[in-house]
Amino acid sequence: NAGVTQTPKFRILKIGQSMTLQCTQDMNHNYMYWYRQDPGMGLKLIYYSVGAGITDKGEVPNGYNVSRSTTEDFPLRLELAAPSQTSVYFCASSYSMGPGTGYSGNTIYFGEGSWLTVV
Amino acid sequence: GQNIDQPTEMTATEGAIVQINCTYQTSGFNGLFWYQQHAGEAPTFLSYNVLDGLEEKGRFSSFLSRSKGYSYLLLKELQMKDSASYLCAVQYNAGNNRKLIWGLGTSLAVNP
């Protein structure tokens with residue numbers, strides 16, 4: 001299994017441009033997440049999805065959009081890129097986070113990360 | 001509210017033992033994770049505790065005390081490759097779902 005795959009690995013954007021970070025997982029996980037990580041700030045949840053067709057905002061959703069048309073894919077869209085969106089982005093997935101979920105279902109698996117610079 | 005604290009940086013010597021502490025304040029606690037993150041890489045899962053006590057996994061052990069809101073990650077026989085950031089994350093119940101809050105991470109430097 002490839003696990004969680006995200007692309008691109010590196011990208012430089014100009015202010016005002018738009019782009020989509022792609023994320024796909026082959027573990028049949030129903031939960032998927034997008035995080036951003038800034039130096040000294042820890043992981044911040046942007047959006048998450050509990051299954052195909054269902055998405056919800058995390059802590060820092062402004063400037064981003066997501067969709068979940070299939071179980072496998074969870075792309076993150078940046079509209080009108082701003083310098084504040086310069087960050088490392090991680091896509092992640094887990095089997096479930098719902099009540100009654102056992103240990104193995106709670107583990108979150110991360111993609112390798114996407115380094116985005118907005119200039 | 002939900003909050004996690006862990007030391008920002010620690011230094012240890014190769015072959016030694018180091019303990020990384022994590023304290024948390026949360027309602028609806030439902031498990032605590034430890035992740036390892038090397039510079040420039042994604043976090044990788046190390047351990048999960050939901051009951052009080054010690055979970056041992058090779059050179060790494062994790063301890064949880066729910067009544068004290070306290071966990072630690074114990075790394076034995078330190079190796080240079082253990083130099084990384086160690087993230088503590090707490091899972092809690094939020095309505096019909098569970099959510100996760102992440103600590104800022106403890107950067108561990110292992111010196112020869």
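If you average the alpha carbon positions of the range A:37-60 and of the range B:1-68, how far apart do those two centres end up, in angstrom?
Between the Cα centre of the range A:37-60 and that of the range B:1-68, the gap is 21 Å.
Could you give the size of the charge dipole of chain B about its Cα centre, using +1 on the Cβ of each K and R and -1 on the Cβ of each D and E, expressed in debye and rounded to the nearest 20? Walk me through the numbers on the way to the answer.
Working: 8 positive and 9 negative charges, 67 e Å.
My answer is approximately 320 debye.
So, counting K/R as plus one and D/E as minus one, what does the shell of residues with Cβ under 15 Å around B:TYR70 add up to?
Neighbourhood net charge equals -1.
Given just the C-alpha atoms of the protein assembly as shown, how large is their convex hull per residue in cubic angstrom? Mind showing how you got there, number by number?
On the way: hull volume 28.7 nm³, N = 231.
Enclosed volume per residue, from the Cα hull, is 124 Å³.
What does the charge count near B:LEU54 come to, summing +1 for each Lys or Arg and -1 for each Asp or Glu among other residues with Cβ under 15 Å from its Cβ?
Counting the neighbours of B:LEU54, the net charge comes to +2.
Tally Lys/Arg at +1 and Asp/Glu at -1 over every other residue whose Cβ is under 15 Å from the Cβ of B:ASN97; what's the total? List each step's numbers first, then the result.
Values: positive: A:LYS57, B:ARG98, B:LYS99; negative: A:ASP56, A:GLU59.
So the environment of B:ASN97 carries a net charge of +1.
With each pseudo-label sitting 7 Å past Cα toward Cβ, what's the B:ASN21-A:GLU79 distance in nm, one decimal?
It works out to 4.7 nm between the two label points.
Subtract the Cα-Cα distance of A:ILE15 and A:ASP56 from 0.36 nm times their separation in residues, and report this length gain in nm to one decimal.
12.2 nm
Separation between the B:GLU56 and A:LYS44 pseudo-spin-labels, each 7 Å from Cα along Cα→Cβ, expressed in nm?
According to this spin-label approximation, the distance is 4.2 nm.
Please find the FRET efficiency linking B:LYS76 to A:THR86, where r is the Cβ-Cβ separation and R0 is fixed at 30 Å, and quote it to the nearest 0.05.
It comes out at approximately 0.20.
Set Lys and Arg Cβ to +1 and Asp and Glu Cβ to -1, take the dipole of chain A about its Cα centre, and tell me which of A:ASN106, A:THR86, A:ILE15 lies farthest positive.
The residue sitting farthest along the positive end of the dipole is A:ILE15.
Over all distinct alpha-carbon pairs, what is the Kirkwood Rh of chain B in angstrom?
The answer is 14.2 Å.
Quick check on the exposure proxy: order B:ASP82, A:ASP38 from fewest to most C-beta atoms within 10 angstrom.
A:ASP38, B:ASP82
None of the figures in this text is laboratory data; all of them are computed from the coordinates on show. Quick caveat, the model's predicted, so the values are computed rather than measured. Quick reminder, even Gly has a Cβ in these numbers, built from the backbone with ideal geometry, and neighbours come from all protein chains shown.
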